[in-house]
Protein chains: 2
Amino acid sequence: MIKISVTLLTFLFSMAVKAQDDSTMIKKITDDVLTNGKAYEYLRVLCKDVGPRLSGSPQAAKAVNVTKKMMEDLKVDKVWLQECMVPHWVRGKKEEAKIIFKDGKTYKLDVTALGNSIGTGDKGVKANVIEVKNFDELNKLGEKVIKGNIVFYNFPMNPTYINTFRAYGESGRYRFNGPSQAAKYGAVGCIVRSLASNVNDYPHTGVMGYNDSFPKIPAVAISTLDANYLSTALKNKTEKQVFFRTNCQMLDSVKSYNVIGEIRGTEFPDEIITVGGHLDSWDLAEGAHDDGSGCVQSIEVLRVFQALGIKPKRTIRAVMFMNEENGGKGGDKYYEEAKAKGEKHIFAMESDEGGFTPRGFGVSGNKEAVAKIMSWANLFRPYGVNDIHEGGGGADIGDLKNLGTVLSNIYPDSQRYFDIHHAATDTFEAVSERELKLAAAMMASMIYLVDKYGL
Amino acid sequence: MIKISVTLLTFLFSMAVKAQDDSTMIKKITDDVLTNGKAYEYLRVLCKDVGPRLSGSPQAAKAVNVTKKMMEDLKVDKVWLQECMVPHWVRGKKEEAKIIFKDGKTYKLDVTALGNSIGTGDKGVKANVIEVKNFDELNKLGEKVIKGNIVFYNFPMNPTYINTFRAYGESGRYRFNGPSQAAKYGAVGCIVRSLASNVNDYPHTGVMGYNDSFPKIPAVAISTLDANYLSTALKNKTEKQVFFRTNCQMLDSVKSYNVIGEIRGTEFPDEIITVGGHLDSWDLAEGAHDDGSGCVQSIEVLRVFQALGIKPKRTIRAVMFMNEENGGKGGDKYYEEAKAKGEKHIFAMESDEGGFTPRGFGVSGNKEAVAKIMSWANLFRPYGVNDIHEGGGGADIGDLKNLGTVLSNIYPDSQRYFDIHHAATDTFEAVSERELKLAAAMMASMIYLVDKYGL
């Protein structure tokens, strides 16, 4: 009996010491990031010196060079570019849109073409507008009502969902599939209410996709304020039409790159831990939260490992994925090459939900790994990070699950994200230095634990 | 045995039903606030139509009328003004400050007089500057070094504290007590590094207090950017002085008011539940987070009760306290009148930590009451509110503890607060509608539970 107790005590004691060590290390990491971290300065460079970084644009190319240099300056073991072909959609001249009333008066709409949409041509589109709340309404109206008209999807984000991504997912269908669904019934154009959680005059862009079974029609989003205005105007019986002109087009794909920086593992160099964000952004804004933040946080993980002299057992890679917004070609390439080379990716974390206060992590993968990660929950609580939940990953790392990789995402507070997401308001000024850094520190701490204990 | 089990089952079932009812009601409250809430519009009015609301100013008087009207429009049972005398400190003409180098060149400092400070007079103050990190350094230098000079407290907020209020508390001593401590050794002026968690060119004001044992010397804060600059400049041996001129003065106290709105309890009208924020703000900005947010959230509590037809058993009061920033006279008056009238205040909650995402509540009071409130923790978790901790209250409600009142505060995410606190950047635009409303919903939910179950 005594022997068992001693064994047990020894075990418990060693566990306690371990937890103590880990909490000390996490504090050290966090203190350093909050005090000496460079994520905010990196973000300033990405937002202000580079600017919007749509795939295929000169700024996207510049962002590749700039982030490569940032990681080289950290003197990590290896920094390289991973080539990938990306779609090259260009907006062209700024869009215009207006309501034309019967008496000839007009009301200017704040508008943006949706990503990957065709343009209207010089003549634009002018037609009556049929407002629908959802696909059910559209389907009920059918070709008889829709044909020759513009369809206006006025589906607001549900304000009662506490996790705003849930509301985004629900509304997102209208932006992505709405144009082709409308074209199915003969619509000549598509207007979507911006996917935004606030009501103001900024239109929010985002990707749409055509269903090849139907004609391609031009698609735009209007601001939530104008969506409300248009909806009210349509209820008024006075005859009215909407005109819009967009000048966007899809050009030939171009060569681009993922940017990868690596600290090689000392014991298990073949076990790879990836942390990343996406380097491309929409062209309307600086892509500060989406997803400059994820990129600079990932570089910060390397920085703090280097600064504190942490020599990981496993290989840690920070990856700036290209083309998440309108193609996902960077993520595809990273996965394909990993698979082709037979790389062992044990863990991948993406940060692509904005650089806000960290609230938790999502985790997906084999049960033991998820349980192990959840067993570290107490280590994160002192930082207000108390929501480690099952179900995690990100658009750029999703395919790695086919390699058995445990997927994760940092889960930030989501209340403000869709106020600025994909709009001109997603600027450096909208990011809080402390929030950005605190989340980076939590990411580095999680990577530290995964590296230390393996999965 | 069976009988006991049935009893137990019945009990457990009734508990489960109760919890179910409560969670349904909290969701109803929250849905309504997020969908129909007026807190954000109220805040716009307070920030944009009224503006800065320093005690004794015309805007503070306007804010009294405006918030009185807001509550009257809700058709609550009673809205009234509670008279109190408040200090009337005025800034006068904008301050100026500069470093004067030996060669006559100057560097302009971004400066603000500290609240309640005397002014310098037309001639200003010009002297050598002694930088100290803390009181220990000041005391070591003593009169020999300090006399005739300006003392510059360069104590930064500690970036490693996750709860930024801890850092504020630590630094706040230099702003509040620093001038008199310096005067003790013969200083002729006092400069404080702004209490800010970021580095930029906005000076942050805030209250200071004179110790009557020492001469009153003028006190200012400079921006964190300029504090860094001045510190660097002082390390350079070239002779230099600092000049500053402030035009502030304390005038005679004036009559002002707390604004109180009340829904009378149906069962226990004599048991009073208070929820409040402070109506006054510093004069540099719109006082959006500090503390327009707390005011409009408190009014929102009344609004949602009225909108959902919730008839509280106990009396619910929303109180806009006057003069929290530089005197606390409104809070004093509320307590004194409550005491004089023998009112039974069972619970008081203050919101004065910014209108950010709610993370929890602080609670202070008798053990049973605290335990009861903590037993409701699970009801708040679906809203990301998972930190109900012991130790709560607020400057305006603190004295109520003498009446046995259970004190509480909503505990918002604190990462951004001290970027803008008491500076020109505390504007309506810095407040997120969803964050503000979500916190208001949580406040209303807590008030709902306290009313339903009593304490």
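Just to check your reading of the model, which residue among A:Ala307, A:Ala285 is within 23 Å of A:Leu54 (Cα to Cα), touching an Asp or Glu at 6+ places or on another chain (Cβ under 9 Å) and of a type outside the set (S, T, N, Q)?
Just a single option satisfies the conditions, and that option is A:Ala285.
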Practice prompt. Identify, by number, the condition in (1) more than 30 Å from B:Leu400 (Cα to Cα); (2) under 23 Å from the mean Cα position of the chain (by Cα) that B:Lys216 doesn't meet.
Written response: (2)
Fill in: Answer residue from the range B:386-401, given it is over 13 Å from the mean Cα position of the chain (by Cα) and crowded, with 23+ Cβ neighbours inside 10 Å and is nearest to B:Ile273 (Cα to Cα) among those
B:Leu400
Item to complete: Please indicate, with yes or no, whether at least one residue in the range A:216-227 is acidic (Asp, Glu) and outside any helix (DSSP H, G or I).
Response: no
Worksheet entry | Residue among A:Gly393, A:Gly355 that alone is within 14 Å of another protein chain (Cβ to nearest Cβ), at pLDDT 95 or above and not in a strand (DSSP E or B) | A:Gly355
Discussion item. Any residue in the range A:388-399 that is under 18 Å from A:Asp332 (Cα atoms) sitting within a Cβ distance under 9 Å of a residue that is surrounded by 16 or more Cβ atoms within 10 Å (Cβ to Cβ) and of a type in the set (Lys, Arg)? List the pairs, counting only those 6 or more apart or interchain.
Written reply: A:Gly393/A:Lys401
Practice prompt. Residue by residue through the range B:87-111, note down the ones that are in a loop (DSSP other than H, G, I, E, B), out of contact with any Asp or Glu (no Cβ under 7 Å at 6 or more places or on another chain) and under 30 Å from B:Val254 (Cα atoms).
Written response: B:Gly92, B:Lys93, B:Lys94, B:Glu95
Fill in: Selection status of A:Gly360, at pLDDT 95 or above, within 14 Å of chain B (Cβ to nearest Cβ) and assigned to a loop (DSSP other than H, G, I, E, B)
no
Item to complete: Please specify each residue of the range A:402-454 satisfying the condition of being on the phi > 0 side of the Ramachandran plot and either within 13 Å of chain B (Cβ to nearest Cβ) or surrounded by fewer than 24 Cβ atoms within 10 Å (Cβ to Cβ) (or both).
Response: A:Gly404, A:Gly454
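Can you find a residue that is of a type in the set (Gly, Ala, Ser), away from chain A (no Cβ under 14 Å) and under 20 Å from the mean Cα position of the chain (by Cα) anywhere in the range B:238-254?
no
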Discussion item. Is it the case, given these coordinates, that A:Ser293 is at pLDDT 95 or above, crowded, with 24+ Cβ neighbours inside 10 Å, within 22 Å of the chain's Cα centre (by Cα) and over 30 Å from A:Lys123 (Cα atoms)?
Written reply: yes
Discussion item. Condition first: buried (at least 24 other Cβ atoms within 10 Å of the Cβ) and under 20 Å from the mean Cα position of the chain (by Cα). Can you find one or more residues in the range B:378-385 that meet it?
Written reply: no
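Could you tell me whether any residue of the range A:306-329 is assigned to a helix (DSSP H, G or I), over 30 Å from A:Ser117 (Cβ atoms) and either of a type in the set (Lys, Arg) or modelled with pLDDT of 95 or more (or both)? Full working, then the answer.
Filtering the range A:306-329 for residues assigned to a helix (DSSP H, G or I) gives A:306-307, A:329.
If we keep only those that are over 30 Å from A:Ser117 (Cβ atoms) too, we end up with A:306-307.
Then keep just the ones that are either of a type in the set (Lys, Arg) or modelled with pLDDT of 95 or more (or both); that gives A:306-307.
Among the residues of the range A:306-329, at least one is assigned to a helix (DSSP H, G or I), over 30 Å from A:Ser117 (Cβ atoms) and either of a type in the set (Lys, Arg) or modelled with pLDDT of 95 or more (or both), which makes the answer yes.
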Worksheet item: How many residues are farther than 30 Å from A:Cys190 by Cα, in contact with a strand residue (DSSP E or B) (Cβ under 7 Å, 6 or more places away or on another chain) and not basic (Lys, Arg) if we restrict to the range A:229-273?
Response: 15
Item to complete: Take B:Glu286 and decide whether it is out of contact with any Pro (no Cβ under 7 Å at 6 or more places or on another chain) and either of a type in the set (Asp, Glu) or farther than 16 Å from B:Met320 by Cα (or both).
Response: no
Discussion item. I'd like to know if the range B:131-141 contains one or more residues that are within 30 Å of B:Tyr417 (Cβ to Cβ), surrounded by 14 or more Cβ atoms within 10 Å (Cβ to Cβ) and among the aromatic types (Phe, Trp, Tyr).
Written reply: yes
Discussion item. So, in the range B:176-200, how many residues would count as being away from chain A (no Cβ under 14 Å) and either within 16 Å of the chain's Cα centre (by Cα) or outside any helix (DSSP H, G or I) (or both)?
Written reply: 13
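Here is a yes/no grid of residues against (1) free of Cβ contacts under 8 Å to residues at least 40 places away in the same chain; (2) within 14 Å of chain A (Cβ to nearest Cβ); (3) of a type outside the set (Val, Ile, Thr):
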position	(1), (2), (3)
B:Thr30	no, yes, no
B:Ala39	no, yes, yes
B:Leu43	no, yes, yes
B:Val50	yes, no, no
B:Arg53	no, no, yes
B:Asp77	no, no, yes
B:His88	no, no, yes
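Would you call A:Gln59 without any contact (Cβ under 8 Å) to a residue 40 or more places away in the chain, under 21 Å from A:Met322 (Cα atoms) and among the polar types (S, T, N, Q)?
So A:Gln59 fits the description; yes.
Which residues, taken from the range A:234-280, are in a loop (DSSP other than H, G, I, E, B), surrounded by fewer than 17 Cβ atoms within 10 Å (Cβ to Cβ) and not polar (S, T, N, Q)?
Matches in the range A:234-280: A:Lys237, A:Glu239, A:Arg264, A:Glu267.
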Practice prompt. Pull up the range A:142-187, narrow it to residues that are under 25 Å from B:Glu433 (Cα atoms) and among the small types (Gly, Ala, Ser), then point me to the one that is surrounded by the most Cβ atoms within 10 Å (Cβ to Cβ).
Written response: A:Ser171
Worksheet item: Just a yes or no: is a residue in the range A:13-28 surrounded by 21 or more Cβ atoms within 10 Å (Cβ to Cβ) and farther than 26 Å from A:Ala113 by Cα?
Response: yes
Worksheet item: Of the residues that make up the range A:338-348, is at least one part of a helix (DSSP H, G or I) and closer than 20 Å to A:Leu279 by Cα?
Response: yes
Practice prompt. Filter the range B:183-228 for residues that are in contact (Cβ under 8 Å) with a residue 60 or more places away in the chain, over 23 Å from B:Glu170 (Cβ atoms) and out of contact with any strand residue (DSSP E or B) (no Cβ under 7 Å at 6 or more places or on another chain) and give the result.
Written response: B:Asp201, B:Lys216
Practice prompt. Considering every residue within the range B:372-385, establish whether at least one is out of contact with any Ser or Thr (no Cβ under 7 Å at 6 or more places or on another chain), hydrophobic (A, V, I, L, M, F, W, C), within 13 Å of chain A (Cβ to nearest Cβ) and part of a strand (DSSP E or B).
Written response: no
Practice prompt. Specify which of the listed residues (A:Lys108, A:Lys126, A:Lys133, A:Lys102) is free of Cβ contacts under 8 Å to residues at least 40 places away in the same chain and over 28 Å from the mean Cα position of the chain (by Cα).
Written response: A:Lys108
Item to complete: Only one of these is among the acidic types (Asp, Glu), touching a helix residue (DSSP H, G or I) at 6+ places or on another chain (Cβ under 9 Å) and closer than 30 Å to A:Ala340 by Cβ: A:Glu72, A:Glu83. Name it.
Response: A:Glu83
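The values are calculated or read from the model by the stated rules, or taken from the named source; none is laboratory data. Quantities reported herein were computed from a predicted structural model and do not represent experimental measurements. Cβ coordinates were reconstructed from backbone atoms using ideal geometry, including for glycine residues, and neighbour counts include every protein chain displayed.
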